[in-house]
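Asker: Dumping the structure here so I can ask a few things about it.
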Amino acid sequence: MTDSYASSRDGDYSNGIPNGSTASFGQPSPQSTGISSVIRKKLMGYVGFANLPNQVHRKSVRKGFQFTAMVVGESGLGKSTLINTLFNTTLYSPKEPLHPSAERPKTVAIESIGADIEENGVRLHLTVVDTPGFGDFVNNDDSWKPIVENIESRFDAYLEQENRVNRLKIVDNRVHACLYFIQPTGHSLKQLDIEFMRRLHTRVNLIPVIAKADTMTDEEITSFKQRILSDIEHHQIHIFEAPTYENEDEETIAEAEEIASKIPFAIVGSNNFIATPDGRKVRGRAYPWGVVEVDNEEHCDFVKLRQMLVRTYMEELREYTNDKLYENWRTEKLVSMGVAQDSSVFKEINPAARLQEERVMHEAKLAKMEAEMKMVFQQKVQEKEAKLKQSEEELYARHREMKEALEKQRQDLEDKKRKIESGRPITPEKNATGRKKGFLRT
């Protein structure tokens, strides 16, 4: 460590860092304004930021994890048994069948059960949301509504926590995965299955599973899976698929492809341990013809389902829920409330292009203002011209009236003058009584 540090001290600091480092610094380029060049160099010794994943690991273990799973399907398909089998704990106790005279619920109920489980020092707060009554009625119209409302109400609760002043203790109760149980009919999806998945695939990570797959042969399962995938593709339903990333090793890519090839998962659930003919004790179901092992990949897809849901992609399910499903819902919610986002915010732009754009906008603004001023000036000139023209017409009218009045007075005077010259008396007018004779009023 000391030698490495000494060698880095004696290196060339032409760019502020020793030769051979992998640090990257953006420096402005004279040829292109707003675009930075990157210089990559190798480190001469250990710095320590390679330990960041370990720090994140310690923080995550100390904080613990939260995961919410929803199970949807008709009664009797083994939803509670599968949850107990997945997490290897008794979350659901065995249910007693209802008496024939007992009153059945008339609506879909939403029930949540939570448990804190720990494995090798890692704590997980698991919440399972059950939907008893789904698909059990004669009329199943709108039976998906209470489920959609429950998922969206959890989004609402999370959004409310985000908007608080103190956001230190945000509890994530959003549904991260929905296991939808399909009856092993061997035909295709029912209309209820299609309608449910169409309504929920934009709100939750859908994972279709074929319940009680031990009632079907391998050929029937393969054919049934193909029909289900065809229906899902035809109705443009998005189901959760194992993500792949760049620079993944071949083993990880092969594992993701193998998991994807098993969707929808044909599963068998059981909490009972049964002795096999060769002396092993396994979780499974005993039949007269043999034993179906839950953890045997040749018998069912339970191992692949657990691998995707718990062991490999639980964090991806949480991330996709937060980054895609919740963000899309949040955007729709805020837009419906009249909140708009400025598209220019957080947008990476070239400063020169931005300056040119602002110059063009400023010139356009000036041109608009000039056009408006010209319009206002022309309007005022027209109004002034109209007033002057009206005044001119009024003056012409008064001049004409005065001229006519003067002409009439001139004629009257000439008539009186002729009468006086001819010696005829001037008869006073009626309206001139009381005035002196011989004098005219001018």
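No value in this document is a laboratory result; all are computed from the given coordinates. Everything numeric here is computed off the predicted structure, so don't read it as measured data. As a convention, Cβ positions derive from the backbone with ideal geometry for all residues, glycine included, and neighbour counts pool all protein chains shown.
Asker: Which net charge results when you count Lys and Arg as +1 and Asp and Glu as -1 among the other residues whose beta-carbon is under 9 Å from that of Lys304?
Answerer: Around Lys304, the charge tally is -1.
Asker: Pop a pseudo-label 7 angstrom from the Cα along the beta-carbon direction at both Glu370 and Glu297 and give the gap in nm to one decimal.
Answerer: Here the answer is 7.5 nm between the modelled labels.
Asker: Here's another thing I want to ask about it. Can you tell me the length gained on complete extension of the stretch Glu383 to Ile274, counting 0.36 nm per residue apart and subtracting the Cα distance?
Answerer: Working: separation 109, 0.36 × 109 = 39.24 nm, distance 10.26 nm.
29.0 nm is the gain from fully extending Glu383 to Ile274.
Asker: Would you please give the FRET efficiency between Phe49 and Leu124, computed as 1/(1 + (r/R0)^6) with r the Cβ-Cβ distance and R0 = 30 Å, to the nearest 0.05?
Answerer: Values: r = 29 Å, r/R0 = 0.96.
In this case the efficiency is close to 0.55.
Asker: Under a point spin-label approximation (7 Å from Cα along Cα-to-Cβ), what is the Val335-Glu152 distance to one decimal in nm?
Answerer: So the label points at Val335 and Glu152 sit 1.5 nm apart.
Asker: Shifting gears a bit: Please identify every one of the chymotrypsin sites (Phe, Trp or Tyr not before Pro) in the range 112-147 that sits in a loop by DSSP and has no more than 16 other beta carbons within 10 Å of its own beta carbon. Walk me through the intermediate numbers first.
Answerer: Working: sites: Phe134, Phe137, Trp144; in loops: Phe134, Phe137, Trp144.
When the chymotrypsin sites (Phe, Trp or Tyr not before Pro) of the range 112-147 are filtered for loop state and at most 16 Cβ neighbours within 10 Å, Phe137 remain.
Asker: Less than 12 Å Cβ to Cβ from Arg227, Lys/Arg counted +1 and Asp/Glu -1: what total charge do the surrounding residues give? Before the final figure, lay out the partial values.
Answerer: Values: positive: Lys190, Lys225; negative: Asp193, Glu220, Asp231, Glu233.
Charge balance in the 12 Å sphere: -2.
Asker: Taking 0.36 nm per residue of separation and subtracting the Cα-Cα distance, what length does fully extending Gln161 through Thr185 add? If you can, show how the numbers build up before the last one.
Answerer: On the way: separation 24, 0.36 × 24 = 8.64 nm, distance 4.35 nm.
Once the chain is fully extended between Gln161 and Thr185, it gains 4.3 nm.
Asker: Please give the net charge around Gln191, taking every other residue with its beta carbon less than 15 angstrom from that of Gln191, where Lys and Arg add +1 and Asp and Glu add -1.
Answerer: Details: positive: Lys190, Arg198, Arg199, Arg227; negative: Glu74, Asp141, Asp142, Asp193, Glu195, Asp231.
That works out to -2.
Asker: At 7 Å along the Cα-to-beta-carbon direction for both Thr252 and Ser223, put a label point, then send me their distance in nm to one decimal.
Answerer: 4.0
Asker: Longer than 23 Å from Cα to Cα, which of Lys145/Lys333; Lys63/Lys333; Lys212/Lys281 are they? Say none if no pair is.
Answerer: On the way: Lys145/Lys333 18 Å; Lys63/Lys333 30 Å; Lys212/Lys281 21 Å.
Table pairs above 23 Å Cα-Cα are Lys63/Lys333.
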